[in-house]
Amino acid sequence: MVATGIDAGVLDPDQVKALRISDQELDACEFCSIGEAERRLSPRMWSRARAALAAHAAGRVAYLQDGRPFEQRVAGWGRDAGIRPTP
């Protein structure tokens with residue numbers, strides 16, 4: 001499975017009102033604080049969200065496997081395959 005998080009910027013109130021769920025896999029969506037997200041997400045999903053927030057704050061990209069930075073998960077493999085984590 002591949003999961004991607006994308007910074008879509010800041011939405012103004014009219015854009016938020018115009019949001020519509022078009023995917024049959026979703027029943028609802030909502031905005032919440034970081035603390036609320038931590039309380040509501042499973043540990044697996046929170047580790048991914050936390051890494052995305054940290055990467056965003058640092059102006060970087062985070063590559064994860066099983067919710068952990070890729071290079072920690074399979075030490076050395078990425079370098080051998082020519083895959084370079086963002087410095």
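Inside region 55-87, residues that are in a helix (DSSP H, G or I) and either surrounded by 14 or more Cβ atoms within 10 Å (Cβ to Cβ) or at pLDDT 75 or above (or both) make up a count of 8.
Between ALA3, ALA52, the distinction of being at pLDDT below 90, under 19 Å from GLY67 (Cβ atoms), in a helix (DSSP H, G or I) and of a type outside the set (D, E, K, R) belongs to ALA52 only. Of all residues in region 17-46, those being in a helix (DSSP H, G or I), out of contact with any Asp or Glu (no Cβ under 6 Å at 6 or more places or on another chain) and within 25 Å of ARG68 (Cα to Cα) number 10.
The values are calculated or read from the model by the stated rules, or taken from the named source; none is laboratory data. Computed from a predicted model, the values in this text were never measured in an experiment. Note: ideal-geometry Cβ built from the backbone for every residue, glycine included; neighbour counts use all protein chains shown.
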